[in-house]
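Comments concern the structure below.
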Amino acid sequence: MTEPTEIDTGVDGIVVRLHPVDRLTFGSFVDCNMATAWIGETFRIFPGKYGEDPVWGDGSHLKYADGATVAEAFERRPDEFRTPELPPNAPRGTPGLHGAVWFETVYQDPADASGRTLYALYHNENYPETLPFDPETGEGLSDTDWPPGLQGDGSVQAAPRIGIMHSTDGGESWADRGILLEDRDERMIRLPVNRNYCFPGGVGDPSAVADGDHLYVFFGEYAYPTAWSADTWDRDAEAAAQCISVARIPLAELDDPTGAARRWDGTAFAAAWDGVGQPIASLRIPTGEGGGAVSQGDELYYWGPSVSWNEHLGVWVMLMGRVDGPFWVGDSLYLSINPNRHLGDGANAQDWSTPVRIVHRPGHTLWYPSLQPTDSPEDLAARRTSLRLGRDARLFFKDMAGDDHVYVSDFRVEFDRRP
């Protein structure tokens, strides 16, 4: 086994060391952050996709599996996964759940000692077909000048938003509580400007952590900051509004989230749940380093945050991917540190370090980095999950090269602080 790679984060002497380990290849479908939780004495994982999708095909892969240890859960065979009871898609044009969903992060209500009360934040993708535009309410998606999607010119782009589901039985069944964050149709970036084959706008791929009385939601932001028009589109205005953003919602409002969240507006959590916020400035890639507007397809931006509290160092850690070109390609994974314990004080939720690259695989596309606990006696005793970790963690990510798409762990990550 080769020696570890040490990477300086640039924050308070904090370094991360990537220790190569024997590869663990996950046996089931993953296309999201890997949400994990301890339900009593059981470590449970929630990968997969569920719901209607006219472009990629309807999903029935949102499942769960568990084990007495972390490794046991991740080593489950596909036939050992179970299918939870999920709400059906509502008829188009009626209220309810539309489009496909992926569980990205799970919050456990600490008031329930059994650990069975869960809130799953889901990434929800829709198209003009599944969520048609209603001119009376302004809700939904209009197909006018809608851009082509990830399957090329014969497909269409999906627009993401973020919702919440609730479970009282440890994730065996779920009730939809509604949409938490979304961008309206008027801010979608359309033809002829959009040429990224990704998203025309919207918010997605959330990672949520609790601090104080709020749940802080970190997410990708892809829309234009005002009503979009090809005649008035400005590349710099678009780029300044995009990247990884943060909003928060009171924990007391999780059962009725629509309208309760507030986005960071540049000075406070004051922008509406469906309004215009400000992304985290330190996570925007400067123009001189190739950063720019999501719609252009050849300009760089970070996406897919996965946030955890590191108990060993007393800091927040964020992993993310980077888009390097059209069709969501990107061969690297990055890490950023926030040294502030309380995200609600002042601008603490914005205080993230310049990301440093931790994994680089030329010719591959890397998505969904996630830190998971180990099976050390300390991690098992502390019931650590993807949201709360110690000195050591296991790094997982989706690795795609050609037709080979796998969700793997090749590294143990050690967090340390130099004297």
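The values are calculated or read from the model by the stated rules, or taken from the named source; none is laboratory data. As the structure is a prediction and not an experimental result, all values here were calculated from the model. Using ideal geometry, Cβ is built from the backbone for each residue, glycine included, and neighbour counts are taken over all protein chains shown. The area values use the complete protein model at the heavy-atom level, side chains included, leaving out ligands, DNA and RNA. Shrake-Rupley method; radii C 1.70, N 1.55, O 1.52, S 1.80 Å.
Points to keep in mind about this one:
- Residue match in the stretch 316-331 (condition: in contact with a helix residue (DSSP H, G or I) (Cβ under 6 Å, 6 or more places away or on another chain) and in contact (Cβ under 8 Å) with a residue 40 or more places away in the chain): no
- Counting the residues of the stretch 82-98 that are open to solvent by 20 Å² or more (accessible area, probe 1.4 Å) and in contact with a Lys or Arg (Cβ under 9 Å, 6 or more places away or on another chain) gives 2.
- Restricting the stretch 349-365 to residues that are among the small types (Gly, Ala, Ser) and part of a loop (DSSP other than H, G, I, E, B) leaves a set whose member that is most open to solvent (accessible area, probe 1.4 Å) is GLY363.
- Selection of the stretch 395-416 for residues being among the charged types (D, E, K, R) and modelled with pLDDT of 95 or more yields LYS398, ASP399, ASP410, ARG412, GLU414, ASP416.
- Among residues of the stretch 111-141, those that are at pLDDT below 95 and over 23 Å from ARG187 (Cα atoms), counted: 5
Condition check ((1) touching a strand residue (DSSP E or B) at 6+ places or on another chain (Cβ under 6 Å); (2) farther than 30 Å from GLY152 by Cα; (3) at pLDDT 95 or above) across all residues:
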{"position": "GLN350", "(1), (2), (3)": "no, yes, yes"}
{"position": "PRO369", "(1), (2), (3)": "yes, no, yes"}
{"position": "GLY390", "(1), (2), (3)": "no, yes, yes"}
{"position": "ALA393", "(1), (2), (3)": "yes, yes, yes"}
{"position": "PRO419", "(1), (2), (3)": "no, yes, no"}
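- Filtered residue count, the stretch 178-202, keeping only those that are open to solvent by 30 Å² or more (accessible area, probe 1.4 Å) and either out of contact with any Asp or Glu (no Cβ under 8 Å at 6 or more places or on another chain) or within 14 Å of TYR222 (Cβ to Cβ) (or both): 4
- Subset of the stretch 142-160 [open to solvent by 30 Å² or more (accessible area, probe 1.4 Å), modelled with pLDDT of 95 or more and of a type outside the set (Ser, Thr, Tyr)]: ASP143, ASP145, VAL156
- The single condition among (1) loosely packed, with under 15 Cβ neighbours inside 10 Å; (2) in a loop (DSSP other than H, G, I, E, B) that ASP22 does not meet is (2).
- Selection within the stretch 1-15 - closer than 12 Å to VAL359 by Cα and open to solvent by less than 50 Å² (accessible area, probe 1.4 Å): ILE7
- The condition (being over 21 Å from the mean Cα position of the chain (by Cα), among the aliphatic types (A, V, I, L, M) and surrounded by fewer than 22 Cβ atoms within 10 Å (Cβ to Cβ)) is satisfied by just one residue among ALA111, ALA175: ALA111.
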